[in-house]
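Data block below; observations after.
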Amino acid sequence: MAEDNVLLEVKNLKQYFKSGFGRRKIIVKAVDGVSFKIRKGETFGLVGESGCGKTTTGRAIIRLYKPTSGEIYFKGKLISGKLSEEDRMMVTQGIQMIFQDPISSLNPRMTVKEIIGEGLIINKLVKDDDELTEKVVEIIRQVGLTEDHINRYPHEFSGGQRQRIGIARALISRPDLIIADEPVSALDVSIQAQILNMLNRLKKTFGLTILFIAHDLSVVKYFSDYVAVMYNGKIVESAKPDELYNNPIHPYTKALLSAIPIPDPLYEKGRDYITYDPSIHDYSVEKPEMHEVSPGHYVYLSPSELEKYAR
Amino acid sequence: MRTISTEKILEVRDLTISFNTYAGKLQAVRGVSFDLHKGETLAIVGESGSGKSVTNKALMGILPRTARIEKGQAFYKGRDLLSMTEKEWEKVRGSEIAMIFQDPLSSLNPVTRVGKQIAEIFILKHKLPRKEAKRRAIELMDAVGIPDPEKRYNQYPFQFSGGMRQRIVIAIALASDPEILICDEPTTALDVTIQAQILKIIDRLQKEKQLSVIFITHDLGVVAHMADRVAVMYAGKIVEYGTAEDIFYNPQHPYTWGLLSSMPDMETEEGEELYVIQGSPPNMLYPPKGDAFAERNPYALNIDFKEEPPMFKVSDTHYAATWLLHPKAPKIERPAALQRRIEKSLKRAKGV
């Protein structure tokens with residue numbers, strides 16, 4: 001694919017957090033050298049267990065943190081580090097985020113219209129209140145709510161509806177990239193399906209590019225065009241979903257895939273889970289690096305390990 | 001396949017619980033009946049607010065003060081748990097019926113060493129001397145898979161990871177050698193790889209100790225892994241129950257259909273429209289007339305809006321509360337995607 005199709009590029013991103021002072025000082029390497037590209041119109045799935053750094057990656061991209069090192073390019077422009085007022089506007093409007101918790105991510109003292117329209121007002125994309133209302137109503141219909149909802153407060157809505165408001169807020173500035181951080185994991189099963197179907201439909205209507213962060217592999221597989229598996233701050237394997245699920249190479253990916261329980265009792269009772277023990281990697285002699293095992297399928301292993309697992 | 005003992009250890013009959021709120025009477029549980037056999041795992045599945053946790057809190061005698069048990073009995077060893085006094089409860093709760101909660105951090109005491117929290121039970125319930133209690137506690141920590149238990153004995157809960165904390169909670173629950181173990185979403189807060197380990201431990205300990213387990217969850221994959229029998233709850237009622245095979249391969253209630261087909265699995269094609277249960281659960285302050293699921297049920301019949309369906313018998317082990325099973329009801333096929341999945345599963349089972 002042509003390079004100019006790349007919408008977001010993350011190069012060797014590192015995000016360390018410090019805690020404590022003096023002798024007790026600890027450095028947590030939340031994200032430790034992550035690189036990936038997201039092309040226009042693509043849904044990029046980032047999976048991993050809690051604490052692996054997937055949320056931190058998403059947050060670093062929308063500039064909630066100042067990265068320790070590494071570069072983030074959006075539309076070919078370097079956006080990590082100091083930006084001019086104009087570029088900052090471009091980024092805040094062009095990248096939007098959907099959060100996991102639909103309760104704490106909406107301001108309880110603002111009406112739905114204020115919540116959704118805030119971005120438009122700040123970025124001065126509307127002239128007056130009438131235009132604002134018009135735009136909010138337009139977007140709120142897209143997410144399956146109605147016009148009479150716009151003057152209500154968040155507490156009047158159910159979890160699923162609140163997540164719809166969060167999605168409408170992200171969509172209203174017509175962003176190029178949406179970062180969806182576990183958008184369905186706080187919802188009930190029957191509501192999850194509603195939201196996933198809606199995101200799928202919106203993806204087509206708006207031609208969205210999405211960075212989809214989740215821990216649920218079946219959801220990520222269903223939703224993404226490309227999947228990267230993160231472990232301990234690093235991407236350990238990435239591939240197209242079918243390739244990754246049918247032909248996993250890294251031991252962690254294998255363990256992760258085997259751990260998903262399937263709603264099929266006869267199969268489920270007879271099988272064993274694979275456990276992953278990170279101490280099997282001995283990187284004292286050989287250093288691990290990214291290898292391309294087949295077109296588009298990358299694994300982070302040392303050369304001898306690669307030989308062992310790739311069979 | 002394990003054979004399930006027919007000896008009933010717990011019989012719940014027509015349990016009805018309501019909450020007094022400022023807005024009025026909230027009917028959380030509306031006539032729930034089920035049996036728990038010795039040595040089996042009964043899974044209770046349902047969305048939040050379906051009354052599954054409230055039912056089990058009643059069985060532990062830990063309902064909040066605003067709750068009222070309107071009617072019903074729960075027989076355990078010939079005694080009705082629901083009419084016991086607090087004094088009598090103290091002999092049963094924790095010793096004969098134990099519980100594991102969803103959040104392992106908030107169910108441990110943050111300022112007491114974990115080993116002491118386990119040993120406490122041996123001292124208080126079994127009246128063992130301190131030294132002996134410590135030895136038993138370390139043994140138990142080893143049994144639930146905590147590495148280096150002697151060293152870990154003297155640590156505090158914050159020094160443990162989520163999975164390790166849940167192991168401690170399991171150890172505490174098992175210290176008193178209970179007959180019944182109630183697990184309220186024990187793995188929801190954990191990662192899949194850790195979840196797999198915890199499920200394995202519960203499974204093994206259950207077989208060793210012949211425990212009867214009530215497993216509450218909304219994850220159908222976990223249910224398939226753990227359960228011998230399944231009860232599906234919706235709006236305070238059990239709408240379908242049967243063996244795990246009955247529920248997964250021959251579901252009868254449209255709500256069960258919805259639950260089974262609404263989540264993508266590893267075989268769902270990308271971009272394929274998911275089956276959706278429209279709308280949201282009813283407000284139990286004003287439970288709807290007729291079947292509570294009728295509003296969201298694409299297969300609802302006229303009678304669903306007027307009268308609540310009774311439990312229809314599908315087989316000796318399988319019951320479902322839907323008018324679709326009435327002899328006069330029109331024949332309705334299950335959603336195609338679900339039917340495909342069931343056939344695939346059965347084929348896979350035959351192949352193995």
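Values quoted throughout were computed directly from the atomic coordinates according to the rules given, and no laboratory measurement underlies them. Here the structure is a predicted model, which is why all the values come from computation and not from measurement. Quick reminder, even Gly has a Cβ in these numbers, built from the backbone with ideal geometry, and neighbours come from all protein chains shown.
Annotation: the antiparallel percentage among DSSP beta bridges lying fully within the protein assembly as shown is about 60.
The range B:161-228 and the range A:111-189 have their alpha-carbon centroids 40 Å apart.
Say each of residue A:294 and residue B:286 gets a label point 7 Å from the Cα, pointing the same way as Cα to Cβ; how far apart are those two points in nm? Taking the two extended label points, one gets 5.8 nm.
With 10 angstrom as the radius, rank B:62, B:198 by how many other C-beta atoms surround their C-beta, starting from the fewest.
Ascending number of Cβ neighbours within 10 Å: B:62, B:198.
Counting Lys and Arg as +1 and Asp and Glu as -1 over every other residue whose Cβ lies under 9 Å from the Cβ of residue A:215, the net charge comes to -3.
Please give the calculated 222 nm ellipticity per residue for chain B, where each DSSP H segment of at least 4 residues contributes -39500 (n - 2.57) and the sum is spread over every residue; nearest 500 deg cm²/dmol?
Numbers: 11 runs with 115 residues, N = 352.
For chain B, the value works out to -9500 deg cm²/dmol.
Kirkwood-based Rg over Rh for the protein assembly as shown (C-alpha set), two decimals? Could you put the intermediate results ahead of the total?
Numbers: Rg = 26.4 Å, Rh = 27.2 Å.
With Rg and the Kirkwood Rh in hand, the quotient comes to 0.97.
Put in line by how crowded their Cβ is, counting other Cβ atoms within 10 Å and starting with the fewest, A:103, B:214 read A:103, B:214.
Let me have the relative contact order for the range A:53-124, percent, based on Cα pairs under 8 Å that are six or more residues apart. Walk me through the numbers before you get to the answer.
On the way: 32 pairs, mean separation 15.3, N = 72.
Relative contact order of the range A:53-124: 21 percent.
Under the convention that each Lys and Arg Cβ holds +1 and each Asp and Glu Cβ holds -1, the size of the dipole of chain B around its Cα centre is about 1140 debye.
The range B:8-227: D in µm²/s via Stokes-Einstein (Kirkwood Rh, Cα pairs, 20 °C, 1.002 mPa s)? Walk me through the numbers on the way to the answer.
Values: Rh = 18.1 Å.
This corresponds to a translational diffusion coefficient of 118 µm²/s.
For residue A:67, the shell of other residues with beta-carbons less than 11 Å away shows a net charge of +4, using +1 for Lys and Arg and -1 for Asp and Glu.
Ranking A:293, A:274, A:249 by Cα position along the charge dipole of the range A:248-311, where only Lys, Arg, Asp and Glu carry charges on their C-beta atoms, puts A:274 farthest toward the positive end.
How many angstrom lie between the C-alpha centres of the range A:255-299 and the range B:19-53? That distance is 38 Å.
As a test of the formula, what do you get for chain A when each DSSP H run with n ≥ 4 contributes -39,500 (n - 2.57) and the sum is divided by the residue count, at 222 nm and rounded to the nearest 500 deg cm²/dmol? Roughly -10000 deg cm²/dmol at 222 nm, from the helical runs in chain A. Once the C-beta distance of residue A:124 and residue A:146 is scaled by a Förster radius of 25 Å, the resulting FRET efficiency is 0.35 to the nearest 0.05. Annotation note: trypsin sites (Lys or Arg not before Pro) in the range A:59-131 located in DSSP loop regions with a Cβ neighbour count of at most 12 within 10 Å are A:82, A:109, A:124, A:127. Under a 10 Å cutoff between Cα atoms, tell me which one of B:134, B:328, B:38 has the largest fluctuation in the Gaussian network model of chain B. Maximum fluctuation in the GNM of chain B, among the listed residues, is at B:328. Between B:263, B:146, B:122, the Cα set farthest toward the positive side of the dipole of chain B (charges on each charged residue's Cβ, about the Cα centre) is that of B:122.
Can you flag which of A:11/A:204; B:77/B:237; A:254/A:308; B:38/B:207; B:207/B:344 are past 18 Å Cα-Cα?
Details: A:11/A:204 28 Å; B:77/B:237 25 Å; A:254/A:308 14 Å; B:38/B:207 11 Å; B:207/B:344 30 Å.
With Cα atoms farther than 18 Å apart: A:11/A:204; B:77/B:237; B:207/B:344.
Residue exposure proxy: B:92, B:239, A:6, A:28, ordered by other Cβ atoms within 10 angstrom of their Cβ from fewest to most, comes out as A:28, A:6, B:92, B:239. Inter-chain Cβ neighbour count for A:182-190, averaged per residue, equals 5 (cutoff 10 Å, partner chain atoms only). Overall, the protein assembly as shown carries a charge dipole of about 1820 debye about its Cα centre when +1 sits on the Cβ of Lys and Arg and -1 on the Cβ of Asp and Glu, all other atoms neutral. About the centre of its Cα atoms, the range B:234-351 shows a dipole size close to 340 debye [charges on the beta carbon of Lys, Arg (+1) and Asp, Glu (-1) only; nearest 20 debye]. Only one residue of B:101, B:278, A:309 has its Cα farthest out toward the positive end of the dipole of the protein assembly as shown, where Lys and Arg carry +1 and Asp and Glu -1 on Cβ, and that residue is B:101.
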